[in-house]
Amino acid sequence: MPNLNNNTKIIIIFGGVYSSLGKGICASSISRILKELGNKVQMMKLEPYLNIDPGLMSPYQHGEVYVTYDGGETDLDLGSYERIGGNRISRNQYVTSGQIYNEIIQEERNGDYNGKTVQVVPHVTGKIKQKIYNIISSQELDFLIIEVGGTVGDLESLAMIESLCEINKEVGKERFLPILLAPLIYLGGTSGELKTKPAQHAYRELCKLGIVAEMMILRTEQDITKDVVEKMGFHCHIPNDYVFCAKTLPNVYMLPDSLFEQDIHKAIYKYFKLPLSPKANINEWKKFTNSIKEAKKKVVIAIVGKYIELHDAYASVIESIKLAGYENGASVELKWINSEPLTDKNVKSSLKGIDGIIVPGGFGSRGVEGIMVAIKYARTSNIPYLGICYGMQLAMIEFARNVLGWKDANTTEIDPNTSHPIFKYIDGRMRLGEQKCVMVNKKNFAYKLYNNQDIVLQRHRHRWEFNNQYLQDFAKKGFEVYAISSDSEKTVEMAGIPSLSFFFGGQFHPEFSSSPTKADPAFSGLLKACLKKKK
């Protein structure tokens, strides 16, 4: 057992009844409150599925793949941990059952278990505990908040919950706070009732697994009355002042405000027997949420892609453009454009009324021709354009076809036999995580956009890179390279057309760098260009 002499408090967030309740948002909101009160907080997710990570999963299955600074391909909830929670998250703070079993099987094959029978208890649970304790021992934390993925009662999460039972025993109740997030079901019609029974059953299901929830957060679309709180407290043996409401709000960034106003911080401090200043506040966070309320100007941004049916596939892009809007006093309306049916004939009508265009990252050939139709329309109509990763690649391919005249120009991802391979495969590897983008000079558009920084750190996730043999061809026609990679390849990191109002692309994913205190300049630059054109 590890050294448990440090005093880190562990808060666990479970979800009951059904998935997609917003466990990540609630956990992040608690993190934000505790950080605003001066605590050192970190977060972690235990994901029950057997995939190693979501890197090879379809966006339709899992939504966005969120990339950590150290190259982890993780769940989109970790984006909330960083944006709302205010944490810098490592790949080590995302643990899947697939990772655990993969490590154990490799160790067993290497003979590390000395011929012993390998079992769920103690080997699987021990490995999960080790991951958790490693985070605690590597950082001097006041709080570690752990979100358990899935729903209480899922077969696949049993080992993870068992490991938490063991941690509860090892660190003691005074350092271990289980919180259950469960929905209240509203029955309309003649009944018009909020039904508490499913949430009660979720509480009892968690008890059966060895965890007694000490607090509850009730997820609801409606306001709840005092009698509902008392009913839940009575049936779940929880004090009324330990029962809270997470009502659907106009904006997820409002949840820390709401929970703070319900005194969740007082309950947490009371549970852990910690002193709380009567002047405790989250005023800095409220300055940000006030900027949301004060955003009066309207900007319409089209997101052109091929996964638009599932908005979670672009979760961080959505949040980043909204954050850039708040930063500039604007409320952003998103218009979702499916790229597959786009043609030169219908693009103008399809994009009618938009102020700017974003093409986010992606892989594969489906919908690509329609995306390039939208890019051409942005370029020729001088509509502010932001191309992210694949969006930059396709912008350069569109330029090669329609300005340089190379009609078969392509990426070898789509056409390995193209005579003009504008983007080519990186030899057997994927660039992942935070890497340096080095500005070519101090006079270019991107240097000014990124606040006169010579080097910008950005997170990457791609396999194809620009073919440098075409650099001069692009430059002669006005498509400039602004920044290159810091490695020996010196491949294109930032590029665009400076003669237009805003036509910018990055080989990286700026959406993973945005926060409520500072939207990435790629997004704020796009917003500013849109607002300027609207004048």
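The values are calculated or read from the model by the stated rules, or taken from the named source; none is laboratory data. All values reported here derive from a predicted model rather than from experimental measurement. Here the Cβ positions follow ideal geometry from the backbone for every residue, glycine too, while neighbour counts run over all protein chains shown. Surface accessibility is based on the protein's heavy atoms, side chains included, excluding ligands, DNA and RNA. Shrake-Rupley method; radii C 1.70, N 1.55, O 1.52, S 1.80 Å.
No other residue among ILE52, ILE84, ILE100 is in contact (Cβ under 8 Å) with a residue 60 or more places away in the chain and β-branched (Val, Ile, Thr) apart from ILE84. Looking at ILE337, ILE354, just one residue is part of a loop (DSSP other than H, G, I, E, B) and open to solvent by less than 60 Å² (accessible area, probe 1.4 Å), and that residue is ILE354. Confirm whether GLY85 is touching a Ser or Thr at 6+ places or on another chain (Cβ under 9 Å) and either in a helix (DSSP H, G or I) or surrounded by 19 or more Cβ atoms within 10 Å (Cβ to Cβ) (or both). Yes, satisfied. Contact map, the stretch 113-124: first residue without any contact (Cβ under 8 Å) to a residue 24 or more places away in the chain, second residue assigned to a helix (DSSP H, G or I), Cβ cut-off under 8 Å, separation 6 or more or different chains; pairs are TYR113/GLU107; TYR113/HIS123; VAL118/ILE104; VAL118/GLU108; HIS123/ILE104. The requirement of being in contact (Cβ under 8 Å) with a residue 60 or more places away in the chain, more than 27 Å from SER320 (Cβ to Cβ) and open to solvent by 30 Å² or more (accessible area, probe 1.4 Å) is satisfied by GLU205. Within the stretch 307-321, the set of residues being surrounded by 24 or more Cβ atoms within 10 Å (Cβ to Cβ) and among the aromatic types (Phe, Trp, Tyr) comprises TYR314 only. Name every residue in the stretch 4-46 that is in contact (Cβ under 8 Å) with a residue 40 or more places away in the chain, in a loop (DSSP other than H, G, I, E, B) and farther than 22 Å from VAL171 by Cα, in order of residue number. Within the stretch 4-46, GLY16, VAL17, TYR18, SER19, LEU21, GLY22, LEU37 meet the criteria. One residue stands out among those in the stretch 421-437 that are buried (at least 18 other Cβ atoms within 10 Å of the Cβ) and farther than 19 Å from PHE363 by Cα: the one that is farthest from the chain's Cα centre (by Cα), which is CYS437.
Selection of the stretch 371-399 for residues being small (Gly, Ala, Ser) and open to solvent by 10 Å² or more (accessible area, probe 1.4 Å) yields only SER381.
Inspect all residues belonging to the stretch 475-482 and state whether any of them is modelled with pLDDT of 95 or more, in a helix (DSSP H, G or I) and either open to solvent by 10 Å² or more (accessible area, probe 1.4 Å) or of a type in the set (Lys, Arg) (or both). Yes, there is a match, as at least one residue in the stretch 475-482 is modelled with pLDDT of 95 or more, in a helix (DSSP H, G or I) and either open to solvent by 10 Å² or more (accessible area, probe 1.4 Å) or of a type in the set (Lys, Arg) (or both).
In the set TYR253, TYR269, TYR242, only one residue is free of Cβ contacts under 8 Å to residues at least 24 places away in the same chain and open to solvent by less than 30 Å² (accessible area, probe 1.4 Å); that residue is TYR269.
Tallying residues that are free of Cβ contacts under 8 Å to residues at least 24 places away in the same chain, within 22 Å of GLY305 (Cβ to Cβ) and open to solvent by less than 40 Å² (accessible area, probe 1.4 Å) within the stretch 400-420 yields 2. The set of residues from the stretch 151-181 being under 26 Å from the mean Cα position of the chain (by Cα) and among the aromatic types (Phe, Trp, Tyr) is empty.
Only residues that are open to solvent by 40 Å² or more (accessible area, probe 1.4 Å) and outside any loop (DSSP other than H, G, I, E, B) were counted across the stretch 47-76, and they come to 3. Just wondering, is there one or more residues in the stretch 342-351 that are on the phi < 0 side of the Ramachandran plot and touching a residue at least 40 places away in the same chain (Cβ under 8 Å)? Yes, because at least one residue in the stretch 342-351 is on the phi < 0 side of the Ramachandran plot and touching a residue at least 40 places away in the same chain (Cβ under 8 Å).
One line per residue, one yes/no per condition, for (1) over 20 Å from ALA400 (Cβ atoms); (2) in contact with a helix residue (DSSP H, G or I) (Cβ under 8 Å, 6 or more places away or on another chain); (3) of a type in the set (Phe, Trp, Tyr); (4) open to solvent by less than 10 Å² (accessible area, probe 1.4 Å):
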site: VAL492; (1), (2), (3), (4): no, yes, no, yes
site: GLY505; (1), (2), (3), (4): no, yes, no, yes
site: ALA522; (1), (2), (3), (4): yes, yes, no, yes
site: LEU526; (1), (2), (3), (4): yes, yes, no, yes
site: LYS532; (1), (2), (3), (4): yes, no, no, no
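Here is the figure for the stretch 446-467: residues that are over 21 Å from ASP70 (Cα atoms), free of Cβ contacts under 8 Å to residues at least 60 places away in the same chain and crowded, with 20+ Cβ neighbours inside 10 Å total 1. Only residues that are open to solvent by less than 10 Å² (accessible area, probe 1.4 Å) and charged (D, E, K, R) were counted in the stretch 139-188, giving 1.
Scanning the stretch 208-222 for residues that are closer than 16 Å to ALA246 by Cβ and surrounded by 13 or more Cβ atoms within 10 Å (Cβ to Cβ) yields a count of 8.
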